[in-house]
Amino acid sequence: MFIVGLAAQSCTKVNENVYDKYAAAQFYSTPAGADDALANVYRKITGDWGSNYAGRDNCWYDLNEFSSDEQVIPHRNTGDWQLDFAQLYTRTESTSLGIIDNTWNWAYSGIYSANLAIAQLTTAKADPSKIAEARVMRAWLYYLLIDDFGDVPFYTDNNTDISKIKQAKRADIYTFIVSELKATVDQLSETRGGAYYGRFNKWAGYTVLAKVYLNAQVYTGTAQWQNALDACNKVATGNFTLHPATASTTAPLGNTYYELFGDVCPNDETIFALYLTENVISGNIYAIRSLNSQTGTALMGANGWNGTVIPSEFYDKFDPNDVRIKQFLIGAQPDGTVFTKDVSSLIDPGAAPNEGIRDVKFYILDNASSPNKFGGIHDASGASNDFPVYRYADILLMQAECEVRLGNVSAAAPFLNQVRERAGLADIAAPTLQNIYDERGFELNEEGHRRQDMIRFGTYLNAHGFVSQGQPFMELFPIPTAAINANTLLKQNPGYSN
């Protein structure tokens, strides 16, 4: 809503202030000017095709999802679909893979915009909370970079020749991220929803800090479970609750649980979401990308792309009584299509058109009954489902994990069981790390967390399905060949060749 409002303002020419005639410091010191500086960063984060966090394809989401065990797009034996997604899944990607290059460029484009906003707002002596918001966004982007690539170029001043920046150590950037977040998060607004829907408020800031601490052992070799738990406990003071999961004839897939992934993410559980509106601000392709044209039209009134499938090994872990299994489509569909459980081939010759379980977690309500936010209808290019970057269910599972890792098993149970009870599953009295790992897969699948979870729990390199046992260097992606060509000071990650 924040970005949309600014976009709407920029379209009118009636009685508008001529801001380009202001001195920059005067403009950015005003509430409107500060919001304009921040909106430029949020636009980079939301992005669009090939340059986005999530919603569209071929960037951060795809890189981190298709390298995990929870979804893949097979090349089809009809010639459909490029090999990129299957190569990521099978860990056979090249250093010049477009998805890797796009993710790198997207993150650094966002960092450049954040650096600019910080400089503009600092020079203008703008509201400290707005400066803090820009600094949190920059820290978040660096967190995503070190998670994917390890040692990366680091700069905070745009008056820098980026072709001559050496890589900083992953642990050193981690230290910067923690320092930045600790210095800024308490300055952020505590407002939830409204003008702060789709923005980093205090609760989103503490969630990022919790995530960074949760993965500290991966980044630095030293665990920070208590600090991660403390940050989660801060988020818990924001009065979030789990969104109900009750049968409903008007809710997606017949259950209010799936409202979490609709046109607007519910304020009770959502901590930070991307505001997406098809043909206006990016969009969401994830249900459409999975379904074929006939099934997409029959279920949602939108042509599908016949792409993403769910590996049967992942699907088989779900309890049949789990409300979250409703997102998967297998067998006969209303249009007569029959989706098989298993896929015969990913790359050569590829899968048959109807092979593979389909996923509609981001279900699109029928066009006639649920037009998108701006009154239009969904089309084959995507939908307007917002994307929940962080949810309270994730915080509960992080709390459970930290308690178990700290040896407090009984304290972990209530956190884990809140999530299980909502899903219709029985409580676990003495949860193990395996229980928590599995529950994270059930609850957070298709939301961009799985690769990171697999690495932290030590399962990422395990063989599964068509994927053979991996080697340790594969826990990082290669530095893009194009980045190394542009900056000869960069060194490729071990195990990869340019």
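The values are calculated or read from the model by the stated rules, or taken from the named source; none is laboratory data. Since we're looking at a predicted model, the values are computed, not measured. Positions of Cβ are generated from backbone atoms using ideal geometry, with glycine treated the same way; all protein chains shown enter the neighbour counts. Remember, those area values only see protein heavy atoms, side chains included, never the ligands or the DNA or RNA. Shrake-Rupley method; radii C 1.70, N 1.55, O 1.52, S 1.80 Å.
Table for the structure above
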read-out	value
Eligible aspartates and glutamates near Lys164 by straight Cα distance, threshold 19 Å, same-chain separation 8 or greater	Asp101, Asp151, Asp172
Surface accessible to a 1.4 Å probe, per residue, for the residues of the chain, Å²	37 Å²
More than 22 Å apart - percent of Cα-Cα pairs taken over the range 225-332	49 percent
Dmax and Rg, reported as Rg then Dmax, of the range 81-162 (C-alpha, Å)	16.1, 50
Span from the the range 109-178 Cα centroid across to the the range 284-326 one, whole angstrom	37 Å
Coordinate range along principal axes, alpha carbons of the chain, Å, largest first	64, 53, 50
Percent accessible area from carbon and sulfur atoms, the chain, protein chains only, probe 1.4 Å	52 percent
R0 of 22 Å, Cβ-Cβ distance Lys166-Thr222: FRET efficiency to nearest 0.05	0.40
Positive-pole candidate from Ser282, Pro414, Thr90, dipole of the chain, charges at beta carbon	Ser282
Hydrodynamic radius of the range 159-274 per Kirkwood, over alpha carbon pairs, in Å	16.5 Å
Residue-by-residue Karplus 3J(HN,Hα) for the range 488-493, coefficients 6.51, -1.76, 1.60, Hz, glycine and proline x	5, 7, 6, 10, 5, 5
Leu329 long-range amide H proximity, modeled H, under 5 Å	Arg358, Asp359, Val360
Förster radius 41 Å - calculated FRET efficiency between Thr122 and Ser468, Cβ distance, rounded to 0.05	0.25
Whole-number D in µm²/s for the range 135-185 (Stokes-Einstein; Kirkwood sum over Cα pairs; 10 °C, 1.306 mPa s)	141 µm²/s
Kirkwood hydrodynamic radius (C-alpha pairs) into Stokes-Einstein, the range 343-492, 25 °C and 0.890 mPa s, D in µm²/s	127 µm²/s
Rg in Å to one decimal, and Dmax rounded to a whole Å, for the range 270-375 via C-alpha atoms	14.9, 43
Distance histogram for the range 418-498 (every C-alpha pair counted, 10 angstrom bins, percent rounded to whole numbers)	14, 33, 27, 16, 8, 2
Solvent-accessible surface ranking, highest first, for Tyr112, Tyr363 at 1.4 angstrom	Tyr112, Tyr363
From the C-alpha gyration tensor of the range 150-226, square roots of 5λ in Å	26, 19, 9
FRET efficiency for Leu406 and Asp342, using Cβ-Cβ distance with R0 set to 56 Å, rounded to 0.05	0.90
Charged-residue dipole, Cβ positions (Lys, Arg, Asp, Glu), the chain about Cα centre, Debye nearest 20	1080 debye
